[in-house]
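Colleague: Structure in structure tokens, see below.
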Amino acid sequence: MNPADAPPPPWDLPALPEGRLQGHALFVDLVRQALATAAAEGWSRMVLCDVDFADWPLGERDVVASLHAWSARGRTLQLIARDFRDLRERHPRFVHWRVTWSHLVEAHACTHGAPGDLPSALWSPGWTMERLDPARGTLVASHDAARRVALSEQLNLWWQKGTPAFPASTLGL
């Protein structure tokens, strides 16, 4: 999809929440809201981490529109997963967006360790969301600097353990 074809995301956004929250539907809504906020506020960097992103709303039209609006020079999106197979299969719009904006996106696969070891989180310079129990939908959202730093350090460790994955294109004969 061409960025010009994407519908503009709604900019009348509520403030991103803080605190301990629960519910799968709430998690999905917060991912949508966070990516729309990233576009509206021009976040320079985001890190998305999950075992496989299967239950994230990354393939939704409005989410991809938010990512189109967020995309600009100097922005960076890091993706960390155990495996990107489910993301490729379940979120084709996101995969297409990733191809278009490949210069902004880096992805690492962390195949070592148990699947439950990898955090399920969204990190940004001003707000974080981490699912403590994905099965029950328990999460913590925060603007707190100490929490952002701690999550950033944890995600950086996983990034270093990983290897490049989820290429924008696959070369072959």
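No lab work stands behind these numbers, since they all come straight from the coordinates. Everything numeric in this text was worked out from a predicted model, so none of it was measured. Methodologically, a virtual Cβ is constructed for each residue, glycine included, from the backbone with ideal geometry; neighbour enumeration extends over all protein chains shown.
Colleague: Gaussian network model of the chain, Cα springs within a sub-10 Å range: biggest mean-square fluctuation belongs to which of A38, A107, A150?
Modeller: A150
Colleague: Moving on to the next point. Divide by every residue of the chain the summed helix terms, -39500 (n - 2.57) for each DSSP H run of at least 4, and state the resulting mean residue ellipticity at 222 nm, rounded to the nearest 500 deg cm²/dmol.
Modeller: After summing the helix terms and dividing by the residues of the chain, the value is -11000 deg cm²/dmol.
Colleague: Gap in Å between the Cα centre of the range 23-52 and the Cα centre of the range 85-164?
Modeller: 10 Å
Colleague: If you take every DSSP beta bridge fully contained in the chain, what fraction is antiparallel? Give it as a percent rounded to 5.
Modeller: In the chain, approximately 60 percent of DSSP beta bridges are antiparallel ones.
Colleague: Now a separate question. For the chain, take N as its residue count and report Rg(C-alpha) divided by 2.2 N^0.38 Å.
Modeller: In units of the globular-protein estimate, the chain measures up at 0.97.
Colleague: Of the residues A114, A39, A65, which exhibits the maximal mean-square fluctuation in a Gaussian network model of the chain defined by a 10 Å Cα contact cut-off?
Modeller: Highest fluctuation of the listed residues: A114.
Colleague: Please name which of T138, T100, G23 has its Cα lying farthest along the dipole of the chain towards the positive end, using unit charges on Cβ (Lys, Arg +1; Asp, Glu -1) and the Cα centre as origin.
Modeller: Comparing the listed Cα positions along the dipole, T100 ranks first.
Colleague: Shifting gears a bit: Quick one: net charge around L132, please, counting Lys, Arg +1 and Asp, Glu -1 for every other residue with C-beta under 14 Å from its C-beta.
Modeller: 0
Colleague: Only Cα pairs within less than 10 Å get springs; with that Gaussian network setup on the chain, which residue of H96, H108, H68 has the largest fluctuation?
Modeller: The residue with the greatest mean-square fluctuation here is H96.
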